[in-house]
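Following: one structure in structure tokens, then a few remarks.
The values are calculated or read from the model by the stated rules, or taken from the named source; none is laboratory data. None of these values were measured; they are calculated from a predicted model. Neighbour counts run over all protein chains shown; Cβ positions are idealised from the backbone, glycine included.
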Amino acid sequence: MDNSKAAKAAKIGLKTWILVWGLGLAGQLCWNIENQWFNTFIYAKIAKDPSIISWMVAVSAVATTFATFFFGTLADRKGSRKPFIAWGYIAWGICTIGFGLTEYIPKEALTVAAAMVVIADAIMSFFGSMGNDAGFNAWTNDLMREGNRGQIGAALATQPVIGTIVGTLLGGALIGDEENYMRLFLIMGGLVIVFGIVALIFMRDDPSLRPNVEGGFWKQFASVFNFKKFFSQKELVVVNVTVAVYFIGFNVYFAHMGNYMLHYLGFNEGDMGLLQGIGLILAMLMVIPSIFLINKKKTPLVCLIAILVAIVGLLWIFFMIDPSSVDNTTAFAAKNIPLILGVFLVGTGYVVILQTTTVWAKALYPKDSKGQFEGVRIVFFVLIPMVFGSIIATPVIESAGLQIQGEVGMEYIPNGYIFLVGAIISVLAVVPLLFAWKFYDKRIADEAAAPTIE
């Protein structure tokens with residue numbers, strides 16, 4: 001292809017950019033609802049039982065991983081992303097609204113209510129992964145050319161951060177003092193449905209996309225789980241292990257952080273959203289110096305600093321924050337500055353480690369196996385951390401948290417111990433990081449010593 005044709009192929013029109021940003025942000029907002037507000041919904045409307053959240057998070061992770069592989073394989077075989085994105089988003093939005101209806105299940109049958117919540121979330125995650133993970137992410141990858149890779153990559157890297165900040169602030173505002181979660185689910189679910197319909201009408205698959213059929217469906221599906229090539233990439237293996245260990249600790253506290261602020265510290269949903277949103281906005285500023293260090297080939301150092309900053313933040317919250325150290329009547333009180341500082345430090349660690357390890361890992365993917373290695377990434381970034389983090393969190397809250405006799409039995413309120421346990425697990429992530437650092441330095445030295453081909 002000559003330069004003029006390559007430039008034309010790389011050019012992205014306004015309609016496509018609207019879809020990239022609209023579908024991307026709608027998806028990230030919906031994921032934020034699931035990761036943050038579903039958990040506080042459980043405590044507000046179902047029961048103050050951490051085991052329900054742990055089951056919901058773990059089963060959702062399994063559903064997400066399976067759906068990504070399943071629909072990714074199906075889309076590859078069909079040679080089309082559009083129907084999976086459009087119908088996936090529409091179903092995703094419907095399920096988000098439907099999740100709110102679990103509020104009306106009689107609480108006397110708590111086991112039934114808990115099971116319905118877990119099932120509803122798993123179904124929502126299944127269709128969310130169909131539309132977003134297996135559909136939208138693959139579609140944007142299809143669009144990438146040498147001339148637009150940086151633009152699309154920057155958009156995709158920015159969207160999760162915007163989604164987290166906007167979802168946190170807007171979610172708290174929509175729920176309000178009256179705990180109107182259904183309003184949040186209706187608006188956000190409706191937004192996702194609208195963009196699903198927009199995709200159905202206006203989206204086009206990339207012209208270069210062709211059906212990729214390799215034997216039967218299940219044979220092609222199973223080929224994703226061929227880890228032989230993955231384990232031959234030693235640096236990539238230890239990078240992924242580092243990520244898995246860190247995010248196990250992260251999932252011990254993150255899924256319960258909202259309920260910690262609501263039911264232990266005593267804030268309402270609106271102020272909780274503001275406090276977390278302010279901390280995360282400040283944390284985003286730390287991405288700038290981290291990018292500078294990454295470009296200076298200091299990626300492992302950035303990861304180490306991020307982990308240590310997160311640990312300091314977690315210990316700060318554990319030792320310095322309790323109901324007497326905050327003013328829960330308003331977010332904008334000087335007394336809440338130490339809490340915002342803790343959220344800022346923890347958020348900085350999260351944002352920087354996620355960004356840095358994603359870039360580090362993707363740079364190590366073999367060119368002919370990027371799709372398979374993206375699937376492996378989900379196992380280490382999502383499945384393992386969410387399952388094991390959930391398993392650890394429940395006994396911590398039940399044994400070390402506050403215990404209150406409620407209408408449907410004993411209620412458990414998460415306190416600072418979730419942050420202490422998260423900090424301890426985060427320390428363990430330094431061990432595989434040091435091995436990854438060694439492999440990284442060797443690779444960089446080898447690349448520097450290799451002769452340049454003119």
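A compact table of results
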read-out	value
Identity of the residue in segment 89-119, surrounded by fewer than 22 Cβ atoms within 10 Å (Cβ to Cβ) and touching a Leu at 6+ places or on another chain (Cβ under 8 Å), that ends up farthest from Gln36 (Cα to Cα)	Ile90
Qualifying residue in segment 37-47 (condition: in a loop (DSSP other than H, G, I, E, B), farther than 30 Å from Gly147 by Cα and either touching a helix residue (DSSP H, G or I) at 6+ places or on another chain (Cβ under 7 Å) or among the aliphatic types (A, V, I, L, M) (or both))	yes
Residues that are closer than 21 Å to Phe185 by Cα and in contact with a Phe, Trp or Tyr (Cβ under 7 Å, 6 or more places away or on another chain), drawn from segment 57-96	Ala63, Ile85, Gly88, Tyr89, Ala91, Trp92, Cys95, Thr96
Residue count, segment 205-225 (criterion: within 27 Å of the chain's Cα centre (by Cα) and part of a loop (DSSP other than H, G, I, E, B))	4
Within segment 226-332, helices (runs of 4 or more DSSP H) holding 2 or more residues that are more than 23 Å from the chain's Cα centre (by Cα) and free of Cβ contacts under 8 Å to residues at least 40 places away in the same chain	228-232, 287-295, 299-320
Residues of segment 212-225 classified as touching a Ser or Thr at 6+ places or on another chain (Cβ under 8 Å) and touching a residue at least 60 places away in the same chain (Cβ under 8 Å), total	4
Residue within segment 317-329 that is buried (at least 21 other Cβ atoms within 10 Å of the Cβ), touching a Phe, Trp or Tyr at 6+ places or on another chain (Cβ under 7 Å) and modelled with pLDDT of 95 or more present	yes
Candidate set: segment 95-109, residues that are more than 18 Å from Asp133 (Cβ to Cβ) and either modelled with pLDDT of 95 or more or not in a loop (DSSP other than H, G, I, E, B) (or both); chosen: the one farthest from the chain's Cα centre (by Cα)	Tyr104
Matching option when the condition is over 20 Å from Ile33 (Cβ atoms), out of contact with any Phe, Trp or Tyr (no Cβ under 7 Å at 6 or more places or on another chain), at pLDDT below 95 and surrounded by 24 or more Cβ atoms within 10 Å (Cβ to Cβ), among Val252, Val352, Val346	Val352
Any hit, segment 151-168, residues being over 26 Å from Lys11 (Cβ atoms), surrounded by 19 or more Cβ atoms within 10 Å (Cβ to Cβ), among the hydroxyl-bearing types (Ser, Thr, Tyr) and assigned by TED's automatic domain parsing to the domain that holds Ala26	yes
Of all residues in segment 294-316 being out of contact with any helix residue (DSSP H, G or I) (no Cβ under 7 Å at 6 or more places or on another chain), surrounded by fewer than 19 Cβ atoms within 10 Å (Cβ to Cβ) and of a type outside the set (Lys, Arg), the one that is modelled with the lowest pLDDT	Asn295
Single residue of Ser125, Ser80 found to be hydroxyl-bearing (Ser, Thr, Tyr) and more than 24 Å from Ile46 (Cβ to Cβ)	Ser80
Single residue of segment 262-288 satisfying the filter (farther than 22 Å from Thr330 by Cα and touching a helix residue (DSSP H, G or I) at 6+ places or on another chain (Cβ under 9 Å)) that is surrounded by the fewest Cβ atoms within 10 Å (Cβ to Cβ)	Leu285
Condition met for Phe185 (touching a Ser or Thr at 6+ places or on another chain (Cβ under 8 Å) and at pLDDT 85 or above)	yes
Any hit, segment 227-238, residues being in the same structural domain as Ile425 (by TED's automatic domain parsing), crowded, with 16+ Cβ neighbours inside 10 Å and basic (Lys, Arg)	no
